[in-house]
1. Starting from the Cα-Cα distance between GLN175 and ASP105, subtract it from 0.36 nm times their residue separation and give me the gain in nm to one decimal.
2. Using only the heavy atoms of the protein chains and a 1.4 Å probe, how would CYS286, CYS384 rank by accessible area, largest first?
3. If you plug each phi of the range 566-576 into the Karplus form 6.51 cos²θ - 1.76 cosθ + 1.60 with θ = phi - 60°, what whole-Hz ³J(HN,Hα) values come out, in order, with x for Gly and Pro?
4. List the residues, sorted by chain then number, that are 5 or more residues from PHE135 or on another chain and whose placed amide H is less than 5 Å from its amide H.
5. Taking only protein heavy atoms into account and a 1.4 Å probe, give the accessible area per residue of the range 26-176 in Å².
6. Under the 0.36 nm per residue contour assumption, what length would be gained going from the current alpha-carbon distance of HIS655 and ILE446 to full extension?
7. With label points built 7 Å along Cα→Cβ from the Cα atoms of LEU166 and VAL342, find their separation and express it in nm.
8. First measure r as the distance between the Cβ atoms of GLN726 and GLN316, then evaluate 1/(1 + (r/R0)^6) with R0 = 51 Å and state the FRET efficiency to the nearest 0.05.
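The values are calculated or read from the model by the stated rules, or taken from the named source; none is laboratory data. As the structure is a computational prediction, the values presented were derived from the model and not from experiment. Backbone-built Cβ (ideal geometry, glycine too); neighbour counts: all protein chains shown. To get the accessible areas, we keep the full protein, side chains included, count just its heavy atoms, and leave off ligands, DNA and RNA. Shrake-Rupley method; radii C 1.70, N 1.55, O 1.52, S 1.80 Å.
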Amino acid sequence: MGNWWRDLRYGLRMLANNKGFTAVAILALALGIGPNVAIFSIIWATFLAPLPYPDADQLVVVWTKVRGERSPSRSDDYLQYLAHSKSFQRLDFASWHILHLTNPDHLPDETTGLPDTPGYFTKNQGLRMALGRDFLPEEGIPGKDHEVVLTHRLWLERFHGDPAILGKPILIDDQPYTVVGVLEAGVRDRVPGVQFGVPLALTPGMHTPEWGNIFGRLKPRVTIAQAQAELSVIDRQLAATRSGDLPKDAWTISVEPLKNDWVDKKLVQNLWLLLAAVGFVLLIACANLANLLLAKGSSRQQELAVRAAMGATRRQIFAQLITESLTLAILGGAVGIALGWVILKLAIALLPNLGTAEAVIQLNLPVLYFALGVTLLAGVLFGCAPAWQAARLNLSETLKQGSRSVTGRGRMRTQGLLVMAEFALALTLLAGAGMALHSFWNLTQIDLGVRTDNIVTGWMETRRHDFTNPDQISADARQLLDKVRSLPGVQSAALATNMPLDGNGSFPFSIVGHPVAVVDRPVADYQIVTPSYFVTFGVRLVQGRLLNDDDRAGAPQVVIVSQSFVDRFLHGVNPLDQRLLLGKLVPNQRPGPASEWQVVGVFHDIRNGQHLTDKAAPQIFIPYWQVPWPWTGLAVRTVLGPGLISGSLRDVVAHTLTGYSFTHVRTMQHMVNTQMTGDRFGMVLFAGFAVLALLLSALGIYGVMAFAVVQRSHEIGLRMALGAQQRDVVLLILTDGMKLALTGAGIGLVGVIVLGHLMRSTLYGIHSVDLGSLAVVALALVAVAVVASYVPARRSARVDPIIALRQE
């Protein structure tokens, strides 16, 4: 310990005496460690950190899947699972039916909440109350379900932290609810938009039209596999109660851990790739520092030789230099943590929705442990080569040289290998950034099938369940559209059961003249739209006609289909001669008896998946005036900004349709940008880290070439004394530098191929090796290498041969 303390003090003095070298070294190391700290902070918070719930490993989500795709669960099914399963301590249901606070003027507020079964907050998730209590079991009975629990955030922001709020009524969907509790500050405050809960009233044995998610807490020592097996048996028994439009094996049940269940898999892969990328940046920084220390070691040869002559062993010299490297690494690591914090703040601004409220992205203890490990690893990586070289000094030869430096071929060869490694890593990173950039460009060029400019959309929601009068629904819709169109700046307005890029319902059908068994009928996405939908969104007609106002109740039933529908189901026939068999659509009921619908048009495909890269699914558009539907979205093409029109739209909906609210107001361009956020996030960070790697590599080759010029000053002077011109000397040094850069880039091609295969599933429209972007980044890398080599080469050409020879 005494020797280590002595080595540390001596190392600190050496660093203090070489302030310029120390500053450059700390900066280079911080540039390597900072990005690693930032990206690991995101990874840790996103899917590595334990969930902030008691016994979180017991928490599961029970998904209903239709043909392998996740689907909301029926509350009727939930009640059966609850009654017959034995694997769970708790099984709770969270409805998807969104509620809204009501303003004093009796208009809906933006603040939303969801109905949950009593006990979900405290007994399932293990949350604590800041005030009051959770819902009581009897409050899950119809007629006794008008209580509300607030999040801590809502309590502070809307009710000013008033402890007397307990027992007071507040308006939710214009109905009085009594506040019975306030949750402690924490995870529920971060759930986007959902800031209160009310009891979900479900009556066993009675059909309740609720859809949502099922959350469970397993009993101790019960595994997910056991719970899965038990619920699968119960689910098979429930198959007979479901719609007969799909085969029984199309419905499955899946019990999955709550942890990471909503995290986007593409985001996870991008984050791991980014961590690998910043790892490359750190390796490049370490190679740079190793080169700096090797160069600096030549000026310390006399000092180390004298120490060896006075009895210092090679082990002691090695330990001294490693201690200095670790000291330098710790200083660089401290600056790197601060830099990582800055990068983290910038990255959060670009970060897509993680799909989990549990993620708290910050510098915490696990992240600091990671930073310490990276720092110590970096110190060993860049310190070993110089320390090993110094410990193997030829004592007698070094002392004979006096004050002149001695540089062996081994030292120069080591520096050259480090530069080649830097350029290999840099090319790999640059190629990855080029592929990410090219992929993002391809995304921006996707034909969405609709116009997205100047369109504001929103969703009209209601708790009203009396939809037995389709004529009244149609009349209300016409009145609403007339009032919206009369607003200043509105060019057109339309109603649709879903908006583009926001998903569709699916519906089984068959083609008249091609009978199939009910369970074997194909499925297509469908939308119910008003005729103005096509003008509002600029939908392109391929064949036939679009829907119009003549397609109303009492007129022949007609539909239009997408081009992908024709390609898949009507290939080789005239689609306008075909009729489809569709079950009768009735709100809150299963489809009724099938009837014939004439295909009158074909429209250009509209992208409607969870991501822009999802292929356009076959679609059927049904006239709204023939099937009036109570739950729709409203789309408005306007010359005004969304902030100017959204308030007017809310007022019109609230005053025209009793019991309705207008929520989730956003522009179509915002929806496009949201779907591209993850790709933009990866592209920007990849590009930023690649540029950083390029700069560090340029500094590396510049440092090696500059050091080589100093070491070869005698040779250069001799060449010039024998008649060599300045351009010959420049070409000599430039050639040496380019050999290192090109060799490293050639080795980097292997890394490019490997990285391309790893990134393949995250890219769109390019192969695993993108020759175009690879050529561009390779040229950029060569250009940087030329500049970095040319500066010391130009300096070497100005050496006075007399002075150079005299010094030697």
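1. Numbers: separation 70, 0.36 × 70 = 25.20 nm, distance 1.30 nm.
Between GLN175 and ASP105, full extension yields 23.9 nm more.
2. Details: CYS286 5, CYS384 50 Å².
If we order CYS286, CYS384 from most to least accessible, we get CYS384, CYS286.
3. For the range 566-576, the Karplus-derived couplings read 4, 4, 8, 10, 10, 5, x, 10, 7, x, 6 Hz, x marking Gly and Pro.
4. When sequence neighbours closer than 5 places are left aside, the close amide H contacts are GLY119.
5. Details: 6290 Å² over 151 residues.
Ligands and nucleic acids excluded, the figure is 42 Å² per residue.
6. Details: separation 209, 0.36 × 209 = 75.24 nm, distance 3.91 nm.
Between HIS655 and ILE446, full extension yields an extra 71.3 nm.
7. 4.8 nm
8. On the way: r = 46 Å, r/R0 = 0.91.
About 0.65, to the nearest 0.05.
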